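Beneath this line is the structure, given in structure tokens, with notes to follow.
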Amino acid sequence: MAGTVIIGAGQGGYQVAASLREHKYQASITLVGDEGLLPYQRPPLSKAYLLGEMDGERLLLRPQAFYETRNIDLILDDAATAIDRAAGRVTLASGKTLAYDHLVLALGARNRKLPIAGAALDGVFYLRTRAESDAIHQRILDARSIAVIGAGFIGLELAAVASKLGKRVTVVEALGRAMSRAVSQPISDFFARAHAGWGVELLFNARLQEIVEAGGRVAGLVLADRSRLGADLVLVGIGIEPNVELAAAAGLETNNGIVVDAQMATSDPHISAIGDCAAFPDPVSGARIRLESVQNAVDQARCVAKRITGEPETYAAVPWFWSDQRDLKLQMVGLTAGCDRTVLRGDPANRAFSVFCFRGETLLGIESVNRAADHMFGRRLLAAGESITPDEAVDPGFDLKARLAKIPAPARAAG
Ligand SMILES: Cc1cc2nc3c(=O)[nH]c(=O)nc-3n(C[C@H](O)[C@H](O)[C@H](O)COP(=O)(O)OP(=O)(O)OC[C@H]3O[C@@H](n4cnc5c(N)ncnc54)[C@H](O)[C@@H]3O)c2cc1C
């Protein structure tokens, strides 16, 4: 038996290997990565690790011994360059080939690049890898004023770290509010006020036209309205693009991600795709979506491991995500596109509240700031396929815990 080959030694790739062994998979497992590092967590790269409050050992998902004791073969400094589907074989950049019975593509994504003049100057940084976080950490310490491009999660986490380190920070965002692709207006407004309180200047509806230099290094920005601002460091967080080229070259279907079915199988049943690179059918709406989160990579990895070990199931996990910005922990559960009504629980003035997002009377998701119990409530309620009403959500006397106890036991266990 040729066993399972996993391409991409990140969050999802690691989890497939670990889950296969948990499910008593007996054949060989080879995990191939191209970063030269044991699989590690990315979220701290823009949070505690970037601040210098966490060391590299703690970033690792597991120590070397974990893979040795489970007989998981690691190739950590080679990239897959071609898939021969007819022969069931992957070729690596080194020329090495690996035979597979099952191939898992956990290729992640790469940063979208700024398409403007000055984007390649010394002093312009993107963040995806540990090496990039290390480089940014040093440059933040040395910088006097920092421009962050993009007020999404990564951009605002970078701004939070830089402002905490005492730097002057300006955030330039093309759209009208913070984290607008992912959160409701009340959360956007709250975080904009919080950043302003930390001394961060936020420019919305601002289009970056050019990055200007002095002596070959970044000196500032020019915006579309011709206004200028000085900056000796530019940190860019304008989204990511899924790594689909390897799959597309092998003739697999791609469309904003590697297209998979409800069990994470590509158009070739011997090949699965998971995590940031996979476009899958949303279990609620049926629409094809692609998510960029730890939960998504981990749960899809588990789903594939179950299928490979003969327990296939339809992917039905409830999406959740978090972002840490200084003293604020933002946690989101559910997909809230299509929300037509938001209800507040708790008090933004106390920096602890949740926004319950509804379509009509149906709860789509919950966005919580420093209210972990509301978040956990949402995860369990939505996993059981249940809802509460807007009137219940807004009523401080409505007992969320008691509501969970009313969920029938099998559905409760699923959460
Ligand atoms: C700075 C940062 C902060 C984040 N914060 C959060 C957060 O707070 N909460 C959250 O839920 N999510 C967060 N995320 C997102 C989360 O880390 C990703 O969604 C998750 O890592 C996706 O896992 P993955 O396995 O799909 O991809 P990755 O973890 O990116 O792993 C893919 C791996 O495949 C490798 N690879 C690609 N092509 C090849 C090839 N041809 N051959 C070999 N290897 C290859 C890549 O180099 C990479 O190592 C953050 C991401 C970043 C970058």
Cα centroid separation - segment 11-75 against segment 391-411, whole Å:
37
What is the sum of charges, Lys and Arg at +1 and Asp and Glu at -1, for the other residues whose Cβ falls under 14 Å from the Cβ of L223?
-1
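Just check the chain against the gyration tensor rule for me: Cα atoms, a ≥ b ≥ c as the square roots of the eigenvalues, rounded for a/c under 1.5, and otherwise prolate or oblate depending on whether a/b exceeds b/c.
Values: a/c = 1.88, a/b = 1.12, b/c = 1.67.
Because a/c hits 1.5 or more and a/b fails to exceed b/c, the chain counts as oblate.
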Got a sec? Charge dipole of the chain, +1 on Cβ for Lys and Arg, -1 for Asp and Glu; which of S272, H23, V172 is way out at the positive end?
V172
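State the three equivalent ellipsoid semi-axes of segment 327-414, derived from the C-alpha gyration tensor as the square roots of 5 times its eigenvalues, in descending order and whole Å.
On the way: eigenvalues 76, 43, 32 Å².
Semi-axes (√(5λ), whole Å): 20, 15, 13.
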Cα gyration tensor shape of segment 10-70, rounded if a/c is under 1.5, else prolate or oblate by comparing a/b with b/c
prolate
Residue with peak Gaussian network fluctuation, the chain [Cα springs, cutoff 10 Å], from M179, M54, M332:
M54
If you check each cysteine of the chain for another cysteine whose beta-carbon is under 4.7 Å away, which ones come up empty?
C277, C303
Pop a pseudo-label 7 angstrom from the Cα along the beta-carbon direction at both K96 and A27 and give the gap in nm to one decimal.
1.9
Compute the signed sum of charges (Lys and Arg +1, Asp and Glu -1) over the other residues within less than 12 Å, Cβ to Cβ, of Q331.
0
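No lab work stands behind these numbers, since they all come straight from the coordinates. The structure presented is a predicted model; accordingly, all values stated were derived computationally and were not measured. Methodologically, a virtual Cβ is constructed for each residue, glycine included, from the backbone with ideal geometry; neighbour enumeration extends over all protein chains shown.
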